[in-house]
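Notes follow once the structure below has been shown.
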Amino acid sequence: MTKRICILLLMFQFLLVTGCWNSRELRDLAIVVGIGVDRIEGSDQYRVSFQLVNPRAATGGKVGGSSISEIPNIVFTSDDHSMFSALRKTTQKVPRQLFFAHSQLLVIGESLAKEGVSDVLDFFERSHEMRLNTSVVIARGASAESILKVITPLSPTSATAIIGRLKVATDVWAHNVNEDIGSVIKKLAGGGEPAISGIRILGSPTQGRAKSNLDYSKPPTILELKGVSLFSEGKLVGWVEGKSARGVVWALNQMKSTNVSFPCEDGEKGVSIEVIRSFTKIRSRIVDGSPRLSVKVKEEGSLSEAQCKVDPGSNEDMMKLRRHLAEETKAEIRMALKAAQAKKSDIFGFAAEVKRTSPKYWKTIEGDWPSIFADCEIDVDVEAYVRRTGMRTKSLMKTNGARTSSSD
Amino acid sequence: MRTPFISPTQLFAMIILFELGTALVLPIGLSSAQNSWLSILLALPGGILVYLLFTYFNKQYPSMILSGYIRQIVGSYLGWPLALFYAVYFIYISGRNLREVGDLLITTSYDQTPIVIVHAAIMGTSMYMIYKGIQVLFRLGEIYLVFILVLGLLSNLAVALSGAIEIRNLLPVWGEGIGVTLRSAYPNIFLFPFAELIAFSAFLPYLAQRQYARRIGILAILVSTVMLSITHAMEISVIGEDMYSRATFPLFTAITTVEVAEFVERLDALVILALIIGVFFKMTVYAYAATAIAADIFKAAEPNRLAVPIGVSVFFVSMMSAWSFPEHGLEGAKSFLTVQPIFLVYIPILLLLVHLMKKRFGHRGITSG
């Protein structure tokens, strides 16, 4: 009997030690939110930057009654040939163990992107702590390190600030794409080329590093999303901006909402339509031994602003709005396609589509795809609907004549 | 002396757990990654045939397990070593299963924990199950089937809701052609996990309502095939063909990309749970089959006592069979083409032929003699 009880007690101790072997205490961890990778010029080493959350500053408020707030953005960097080695090397500078499960952003330096990014991605794919849905941006005209060092308002770290921009701006303005590591890898592996948003510093990077950046109601140094990358054969070859960037978003079927404006018939003032829903299909078929690609968009919008006479009561006016919306969309997509074809950059994933629908044909042209894509004919077809006109029907402007005559 | 006590529901549950086992989480089919979901479906008829073969043997020799009728069919001198080989083979496969779950756990979360500890924890439990006997194992299987189904439902729902599924990733349906798809179905997927049902030959004599054995078994194989096929189709449609073919544990990778409303994420634990449950039963079934054969051929008075030596063998095989996980995979791929078909296909078919000939000519021999 005593023997049994002893055994039971011995077994009981195992309940207490579960999870001890791999345990990591929160106070020993440094949570990494952003990672930056740059190529050091004239060397084959990478400069890897880690942006850490400062737990004391991130909790906000006045800890311990002192009013001295700490800087929320802490960046450590290390130079090495491999990502992992740089990561471990950084421990010489950080008192805690780097913890990556919460990293949200990967910033790639422009110079590295120009040489190709696939080499550094293996680490992110292989590691079990990294997440494939970490967003990716490319630092434009600056190093990834300097982007991560900028102190930003409204957000504890610049990584979360960029993530916030990516999410909101992609959803409502749609001139950027929110691409994650997973889909970058998917595309580099044979489904075309990645389309990654650019991020740049407006103002002085040196000033942006200091906490004084937040002492102004209009911070002198801010970060701005700018453009969508064009890659060719895994290397950054250019950028699309403005309307062509939005065309890219449309073609990628990532359009959630945006504002499309076009001038009234008689002047530069305009009409704005809020696109609220959009769905894009890209297809390919082989005609006479060469691929014929097509982009088909179906979208819905509502009138959000009219600075000239619009009368929703008239069917004619509503049809005009529809036609304008469709034409504008089509034009932007064409601009995007043209820009991409000029750089032989299949960021739309036509490659994956050809591979799916005509695997045999694909086998024969696999290596030449970028140049074949550049010469391809691409049909664009847009079907647009304007469903609603907001809280008013007719616009404030009664007649077109009133404004023109007064300006005479 | 053999009291029948496995209910049809319990058999149903155990076959599903066994089939899902490692096949759910590991890449299967070795080649033709794109449409392995189709290959799984194509391999189904073969799986049903294997199962029918063993229920047939069970009908002919109702109270015997594999080692019993091997000796009946080919005689003791040839049958005894053959049965021993089967025991060794089952130990080896059980060890392989253990290695797979151990390596998944270490790769994904317990990166600092030695493999010995992980394996010992699982093997200890498994040994206890074998010691407790068949009835406890099957009752537990019934309970855990519910777990697996709920886990599967939850994770599939989460994946569907997250919008990560791109059905077009499954195109073209026939991948690189019918030939490649069929080749990955036969022999690869047919052998793993379908022909592995041979392990159930150790349990069939214990069935309570034997008239249902066929129907229930086929139904279970069908259900598990559909579940496997859907899971692998889901994996490919989420992570794409390229990543699917390169991933160590595709299901795990697919699940990590799931994020519903920035709230439901990090569902990796579900996958790990599913694998632990599935593999636990699979390896225990194998280890039990090995124990039963060993007890039969060595005429052990108390078969339960063999749980320890067999369990310890499985434990060591699991760690010593390969020095790295890639080597483990290579070994699996090689044995698929060489050793495994012998045990899973050739010997059973030969047994059937010899049995049929004996049945036909055996009687005539007696009457004429």
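The values are calculated or read from the model by the stated rules, or taken from the named source; none is laboratory data. As the structure is a prediction and not an experimental result, all values here were calculated from the model. Here the Cβ is made from the backbone with ideal geometry for all residues, glycine too, and neighbour counts use every protein chain on show. Ligands, DNA and RNA are stripped out before the accessible areas are found, and what is left, the full protein with its side chains, is counted by its heavy atoms. Shrake-Rupley method; radii C 1.70, N 1.55, O 1.52, S 1.80 Å.
Hydrophobic, long helices, defined as DSSP H runs whose alpha-carbon span along the helix axis is 20 Å or greater and whose mean Kyte-Doolittle value is at least -1.0, occur in chain B at B:36-60, B:76-108, B:115-132, B:134-162, B:213-246, B:268-297, B:347-368. Per atom type, segment A:242-408 shows carbon and sulfur on 49% of its accessible surface, probed at 1.4 Å. Computed over all pairs of different Cα atoms, the Kirkwood value for the hydrodynamic radius of segment A:242-408 is 17.6 Å.
Hey, if we sort B:MET283, A:MET318 by accessible area with the 1.4 Å probe, largest down, what's the order? Provide the component values of the computation, followed by the final result.
Numbers: B:MET283 0, A:MET318 35 Å².
Descending order: A:MET318, B:MET283.
Okay, helix-only estimate at 222 nm for chain B: each DSSP H run of n ≥ 4 adds -39500 (n - 2.57), divide by all residues, round to 500 deg cm²/dmol; what do you get? Walk me through the numbers on the way to the answer.
Numbers: 13 runs with 253 residues, N = 369.
Result for chain B: -23500 deg cm²/dmol, rounded to the nearest 500.
Using the Cβ atoms and a cut-off under 12 Å, what net charge is assigned to the surroundings of A:LEU148, where Lys and Arg are +1 and Asp and Glu are -1?
On the way: positive: A:ARG47, A:LYS149, A:ARG209; negative: A:ASP38, A:GLU145.
Within the 12 Å Cβ shell, the charges total +1.
Among A:151-157, A:103-109, the peptide with the highest mean count of other Cβ atoms within 10 Å heads the list, and the full ranking is A:103-109, A:151-157.
Beta bridges assigned by DSSP with both partners in chain A are antiparallel in approximately 65 percent of cases. Towards the positive end of the charge dipole of segment B:211-273, with charges on Cβ (+1 Lys, Arg; -1 Asp, Glu), say which of B:VAL223, B:PHE249, B:VAL271 has the farthest Cα. After comparing all options, I get B:VAL223. Note on A:GLU233: accessible area is roughly 140 Å² with a 1.4 Å probe, heavy atoms of protein only. The residues of chain A present an accessible area of 50 Å² per residue when probed at 1.4 Å with all protein chains retained. Chain A packed on chain B takes about 2100 Å² of accessible surface away from a 1.4 Å probe, both sides summed. Per-residue shielding of A:182-190, expressed as the average number of other chain Cβ atoms within 10 Å of the residue Cβ, stands at 4.
Where does the longest stretch of chain A lie that holds no trypsin sites (Lys or Arg not before Pro) found in a DSSP loop with 12 or fewer other Cβ atoms within 10 Å?
Values: sites that count: A:ARG24, A:LYS62, A:LYS93, A:ARG392, A:LYS398.
Longest run free of exposed loop sites: A:94-391.
I need to check one value: relative contact order of chain A, counting alpha carbon pairs closer than 8 Å and at least 6 residues apart, in percent. Computed over chain A, the figure is 13 percent.
Using a 1.4 Å probe and ignoring any ligands, DNA or RNA, find the accessible area of A:ASP180 and quote it in Å² to the nearest 10. That residue has around 40 Å² of solvent-accessible surface.
More than 31 Å apart: what percent of Cα pairs in segment B:8-368 qualify? Considering segment B:8-368, 33 percent of its Cα-Cα pairs are separated by more than 31 Å.
What average count of beta carbons from other chains do you get within 10 Å of the Cβ of residues in B:232-241?
Working: counts 0, 0, 0, 0, 0, 0, 1, 5, 9, 7.
The shielding value for this peptide is 2.
Rounded to the nearest 500, the 222 nm mean residue ellipticity of chain A from helices alone is -10000 deg cm²/dmol, with -39,500 (n - 2.57) taken per DSSP H run of at least 4 residues.
A loss of 20 Å² or more of accessible area (1.4 Å probe, protein heavy atoms, ligands and nucleic acids excluded) relative to the isolated chain is seen in these residues of segment B:158-173: B:ARG168, B:ASN169, B:LEU171, B:PRO172.
Bridges between two residues of the protein assembly as shown, per DSSP, are antiparallel at a rate of about 65%.
Nearest-5 percent of antiparallel DSSP beta bridges in segment A:242-408? Could you put the intermediate results ahead of the total?
Values: 22 of 33 bridges.
The antiparallel fraction comes to roughly 65 percent.
Charges only on Cβ, +1 for Lys and Arg, -1 for Asp and Glu: so what's the dipole of the protein assembly as shown about the Cα centre, in debye to the nearest 20?
Numbers: 79 positive and 66 negative charges, 454 e Å.
Magnitude of the dipole: close to 2180 debye.
Looking at segment B:67-172, the accessible area is 45 square angstrom per residue; that uses a 1.4 Å probe and ignores ligands, DNA and RNA.
From the gyration tensor of the Cα coordinates in segment B:222-369, what semi-axes in whole Å does the equivalent ellipsoid have, largest first, with each one equal to sqrt(5λ)?
Values: eigenvalues 344, 99, 54 Å².
Working through the eigenvalues yields semi-axes of 41, 22, 16 Å.
In whole percent, how big is the carbon plus sulfur part of the accessible area of chain B, probe 1.4 Å, protein atoms only? On chain B, the fraction of accessible area on carbon and sulfur atoms equals 70 percent.
Once both labels are positioned 7 Å from their Cα atoms along Cα-to-Cβ, the gap between B:LEU154 and A:ARG27 label points is 3.2 nm. Taking all protein chains as they are arranged and a probe of 1.4 Å, the heavy atoms of A:ASP381 leave approximately 80 Å² accessible to solvent. Just to be sure I follow the definition: excluding the sites themselves, where is the longest run in chain B that has none of the trypsin sites (Lys or Arg not before Pro) in a DSSP loop with at most 15 other Cβ atoms within 10 Å? That would be B:3-265.
Semi-axes of the equivalent ellipsoid of the protein assembly as shown are 59, 34, 23 Å, computed as sqrt(5λ) over the eigenvalues of the C-alpha gyration tensor in descending order. In this simple spin-label approximation, B:ILE143 and A:GLU129 carry label points 7 Å from Cα along the Cα→Cβ vector, and these lie 3.7 nm apart.
Between the residues A:HIS102, B:TYR131, B:SER36, the greatest Cα displacement towards the positive end of the dipole of the protein assembly as shown, with unit charges on the Cβ of Lys, Arg, Asp and Glu, is found for B:TYR131. Sequentially through segment A:183-191, phi angles give Karplus couplings (6.51, -1.76, 1.60; θ = phi - 60°) of 6, 4, 5, 4, 6, 5, 7, x, x Hz, Gly and Pro residues having no value and appearing as x.
Please identify the longest segment of chain B free of exposed chymotrypsin sites (Phe, Trp or Tyr not before Pro), where exposed means a DSSP state other than H, G, I, E or B and no more than 10 other Cβ atoms within 10 Å. Could the numbers behind the result be given before it?
Values: sites that count: B:PHE263, B:TRP323.
Excluding the exposed sites themselves, the longest stretch runs over B:1-262.
Ordered by 1.4 Å accessible area with all protein chains kept, A:ASP119, B:ASP242 run largest first as A:ASP119, B:ASP242.
Think of chain A as having a plus end and a minus end, set by charges on the Cβ of Lys, Arg, Asp and Glu; of A:SER127, A:HIS175, A:MET1, A:MET1 sits farthest toward the positive end of this dipole.
May I ask you to derive the FRET efficiency for B:LYS132 and B:SER321 from their Cβ-Cβ distance with R0 = 30 Å, giving the value to the nearest 0.05? Spell out each step's value before the answer.
Numbers: r = 27 Å, r/R0 = 0.89.
After rounding, the FRET efficiency stands at 0.65.
Any idea what the dipole of chain A comes to, in debye rounded to 20, about its Cα centre with Lys/Arg Cβ at +1 and Asp/Glu Cβ at -1? Display every interim value, and only then the final one.
Details: 57 positive and 47 negative charges, 251 e Å.
With only Lys, Arg, Asp and Glu charged at Cβ, the dipole is about 1200 debye.
Rolling a 1.4 angstrom probe over the protein heavy atoms with all chains in place gives segment B:197-348 an accessible area of 39 Å² per residue. At R0 = 22 Å, how high is the FRET efficiency between B:VAL354 and B:LYS334 if r is their beta carbon distance? Nearest 0.05 is fine. The calculated FRET efficiency here is 0.15.
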